[in-house]
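Working notes for the structure below.
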Amino acid sequence: MASSKILLITGVSSGFGRALAQEALASGHKVVGTVRSAQAKREFESLSANAAFARVLDVTDFDAIDDIVAEIETTVGPIDVLVNNAGYGHEGVMEESPLSEMRRQFDVNVFGAVAMMKAVLPFMRERRRGHILNITSMGGYITMPGIAYYCGSKFALEGISEALGKEVKPLGIAVTAVAPGSFRTDWAGRSMTRTPRSIADYDPVFDPVRKAREEKSGKQLGDPKKAARAMLAAIAADHPPAHLLLGSDALGLVRDKLSALEEEIRAWEVVTVSTDG
């Protein structure tokens, strides 16, 4: 095993966050996990007496983040890896979904992740080392009807990750955007908020997508434990990737998207270059 590291993972109570925390602990790393309640804190810390630490934090409590990160640095030790895992899915046809739901989606999935990155960067920059993993989604590359706000938030996090990676690479800090496909987490269950349907015009495009998602729930191809191992491999790598897809479904769908995009670019190339001069 590579040298022991201190990982700060947001949202360790379930899903990828919990799977990654458990695999990291099993590999000899220390993990500080953010949770949403005192009970969840006790439960997480019971995983390991001297290597699992929890902090109660809602990533949308932006004013609290800096102090908590500084306290972790002082009491637990230098944060080697930040994993922005806290997030949720919003399902809803865009016309039907209020802006307040979009704001909430972006507050958690984008602003919360950025606030965490901004909090750890001064420490990582000073040490000239560190690694940030942002859990995005294949929904940061591909889209489907009924999850516009979610895809928007993940496209945003993909772009921010990539740009930040270019800013901090010369400072010895790596940034990896990890984009899972469909995994057996509760993303489509407990972790999803749904806007009630109201406009029948959207039924033909929306209903089959929801039905397919519900039928697949719990039977997804992806194993969160294997995703955690893939993330640990990226963390251990000398040259970690800027983008890492997880799952054969993500691979196929993203490749299809890229080839369709290439086709469309070619079809409109004459118009595209006609604007020069």
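The values are calculated or read from the model by the stated rules, or taken from the named source; none is laboratory data. Please read all numbers here as calculations on a predicted model, not as lab measurements. Positions of Cβ are generated from backbone atoms using ideal geometry, with glycine treated the same way; all protein chains shown enter the neighbour counts.
A few remarks follow.
- Scanning region 119-161 for residues that are in contact (Cβ under 8 Å) with a residue 12 or more places away in the chain and closer than 15 Å to PRO78 by Cα yields ALA119, VAL120, LEU121, PHE123, MET124, ARG125, ARG127, ARG128, ARG129, GLY130, HIS131, ILE132.
- Looking only at residues in region 1-48 that are touching a Lys or Arg at 6+ places or on another chain (Cβ under 7 Å) and part of a helix (DSSP H, G or I), the one that is farthest from ALA177 (Cα to Cα) is GLU23.
Residues checked against (1) touching a Lys or Arg at 6+ places or on another chain (Cβ under 7 Å); (2) more than 21 Å from SER13 (Cα to Cα); (3) acidic (Asp, Glu):
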{"site": "GLY89", "(1), (2), (3)": "no, no, no"}
{"site": "SER97", "(1), (2), (3)": "no, yes, no"}
{"site": "GLU101", "(1), (2), (3)": "no, yes, yes"}
{"site": "ILE132", "(1), (2), (3)": "no, no, no"}
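- Filter result (of a type in the set (Ser, Thr, Tyr) and farther than 20 Å from ARG229 by Cβ) within region 14-59: THR34, SER37, SER46
- Wholly enclosed helices (runs of 4 or more DSSP H) of region 170-277 bearing at least 2 residues of a type in the set (Asp, Glu): 203-216, 248-267
- Checking each residue in region 121-139 for being over 15 Å from GLU91 (Cα atoms), touching a strand residue (DSSP E or B) at 6+ places or on another chain (Cβ under 6 Å) and not aliphatic (A, V, I, L, M) picks out GLY130, HIS131, ASN134, THR136.
- Extreme residue, modelled with the lowest pLDDT, among residues of region 183-224 that are over 27 Å from PRO98 (Cβ atoms) and either touching a Cys at 6+ places or on another chain (Cβ under 6 Å) or surrounded by 13 or more Cβ atoms within 10 Å (Cβ to Cβ) (or both): LYS216
- Scope region 18-65; condition touching a residue at least 60 places away in the same chain (Cβ under 8 Å) and over 21 Å from the mean Cα position of the chain (by Cα); matching residues: SER27
- Residues of region 76-100 that are charged (D, E, K, R) and either over 27 Å from ALA212 (Cα atoms) or buried (at least 16 other Cβ atoms within 10 Å of the Cβ) (or both): ASP80, GLU91.
- When ALA260 is tested against the conditions (1) among the small types (Gly, Ala, Ser); (2) touching a Ser or Thr at 6+ places or on another chain (Cβ under 8 Å); (3) farther than 16 Å from ALA177 by Cβ, the lone failure is (2).
- Considering region 55-75, the residues that are within 20 Å of HIS131 (Cα to Cα) and among the aliphatic types (A, V, I, L, M) include one that is surrounded by the fewest Cβ atoms within 10 Å (Cβ to Cβ), namely ALA70.
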